[in-house]
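I have placed the structure first, in the form of structure tokens, so that the comments after it can refer back to it.
The values are calculated or read from the model by the stated rules, or taken from the named source; none is laboratory data. Values in this document were obtained by computation on a predicted structure and should not be read as measured data. A quick note on method: Cβ atoms are made from the backbone with ideal geometry, for glycine too, and the neighbour counts reach across all protein chains shown. Ligands, DNA and RNA are stripped out before the accessible areas are found, and what is left, the full protein with its side chains, is counted by its heavy atoms. Shrake-Rupley method; radii C 1.70, N 1.55, O 1.52, S 1.80 Å.
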Amino acid sequence: MKNKNIPKVLVKRSKSGLGLFAVEPIKKGQFIIEYVGEKVTTDEANRRGGLYLFELNSRWTMDGKSRKNVARYINHSCCANAESEIKGGKILISAIKNIKEGEEITYDYGKEFFEEYIKPKGCRCTKHL
């Protein structure tokens with residue numbers, strides 16, 4: 001059963017490839033989507049590598065590479081409008097600002113990911129354009 005309080009989102013082209021966009025306005029503090037995938041040990045995640053690994057804690061990582069994980073399309077931004085929170089082993093994405101209809105949903109991927117993957121290619125968020 002779908003929760004009517006969960007906002008509608010759409011995957012489409014963005015400045016960074018594909019991105020996740022609000023189909024309707026999203027209020028600050030509102031839950032947007034859960035980042036889902038296969039829960040693997042951090043050692044296994046390190047063996048696999050990849051861009052869709054989301055660390056839950058020092059022992060566990062979520063491998064969100066499946067296209068069923070719509071949250072994987074949320075791009076990085078240094079001036080993000082959403083944030084991730086780990087609660088009960090789940091990765092929950094919520095708005096930290098009001099998000100307008102048609103606006104791309106973004107969150108800060110963190111310093112480690114930024115330094116390793118984004119900085120070498122150049123950040124494409126609006127802060128750096």
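To keep it simple, each residue is scored yes or no on (1) among the β-branched types (V, I, T); (2) touching a residue at least 60 places away in the same chain (Cβ under 8 Å); (3) open to solvent by less than 90 Å² (accessible area, probe 1.4 Å).
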residue: L51; (1), (2), (3): no, yes, no
residue: E55; (1), (2), (3): no, no, no
residue: K90; (1), (2), (3): no, no, no
residue: I105; (1), (2), (3): yes, yes, yes
Practice task
Look through the range 57-70, keep the residues that are among the small types (G, A, S) and within 20 Å of K12 (Cα to Cα), and return whichever of them is surrounded by the fewest Cβ atoms within 10 Å (Cβ to Cβ).
Solution key: S66
Problem - Enumerated strands (runs of 3 or more DSSP E) restricted to the range 1-44, each holding at least 1 residues that are under 13 Å from the mean Cα position of the chain (by Cα) and touching a residue at least 60 places away in the same chain (Cβ under 8 Å) - result: 9-14, 17-22, 31-35
Problem - Scan of the range 71-88 for residues that are without any contact (Cβ under 8 Å) to a residue 40 or more places away in the chain, surrounded by 18 or more Cβ atoms within 10 Å (Cβ to Cβ) and more than 17 Å from K28 (Cβ to Cβ), ordered by number - result: R72
Exercise for the section: Could you please find all residues in the range 51-82 being modelled with pLDDT under 95, assigned to a strand (DSSP E or B) and over 10 Å from the mean Cα position of the chain (by Cα)? Expected result: L53, E55
